[in-house]
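First the structure, then my questions, so here it is.
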Amino acid sequence: MNKTNKDEIKLSIPNKPEYVSVVRLTVTGIANRMGFNIEEIEDLKVAIAEACSNAITHGHKDDDNFKVSFVIEENKLVVTVCDSGRGCMINDIKNPDLDHLNQEKEGGLGIFIIKSLMDDVKISSSVGCGTTIMMTKYVGVDR
């Protein structure tokens, strides 16, 4: 890869949980090639799996695909997961109260987990137009 250029890999993934492993394997290969350490690769895999799970859960229909792109730059990896679902109001996403988690209710921690594992996270969404989660991880940056 030329230092002034960036490479991009794009995937179109069926809205089925069994295909999340394909995305995890892809990010593992890319991150390993870029020089991320094992802990950073595990963080990437967990964050991206959470974003994919959100896309599957909130995506349009079972027969739709969600999109994943990997932008590889000299010192960072930017992963974007986009769905074409119903979207949401970003301001309605609150940080969970970790002291009083409702054991009966599943979910609600995905965005929190993604933000805690990645260096930068941007979420864009509008009702009826889907959601995009853009996650950035820098090579060799301790958090």
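Under 22 Å from residue 38 (Cα atoms) and modelled with pLDDT under 75: is that true of residue 86 in this structure? Before the answer, list the steps.
Values: under 22 Å from residue 38 (Cα atoms): no; modelled with pLDDT under 75: yes.
In short, no.
Also, quick follow-up: Can you tell me which residue in the stretch 118-132 is farthest from residue 31 (Cα to Cα), limited to those that are at pLDDT 95 or above and part of a strand (DSSP E or B)?
Pass one, the stretch 118-132, residues at pLDDT 95 or above: 118-122.
From the residues that got through so far, the ones that are part of a strand (DSSP E or B) too are 120-122.
Values: 120: 16, 121: 17, 122: 20 Å.
Result: 122.
Another question, then. Mind listing whichever residues of the stretch 1-19 are of a type in the set (Ser, Thr, Tyr) and surrounded by 12 or more Cβ atoms within 10 Å (Cβ to Cβ)?
Once the filter is applied, which keeps residues that are of a type in the set (Ser, Thr, Tyr) and surrounded by 12 or more Cβ atoms within 10 Å (Cβ to Cβ), the stretch 1-19 yields only 19.
Then there is this: Out of everything in the stretch 20-66 that is hydroxyl-bearing (Ser, Thr, Tyr) and without any contact (Cβ under 8 Å) to a residue 24 or more places away in the chain, what residue ends up being surrounded by the most Cβ atoms within 10 Å (Cβ to Cβ)?
For the stretch 20-66, the residue satisfying everything is 28.
The values are calculated or read from the model by the stated rules, or taken from the named source; none is laboratory data. Predicted, not measured: the structure shown is a model, and the values here were computed from it. Please note: Cβ atoms are built from the backbone with ideal geometry, for glycine as well, and neighbour counts cover all protein chains shown.
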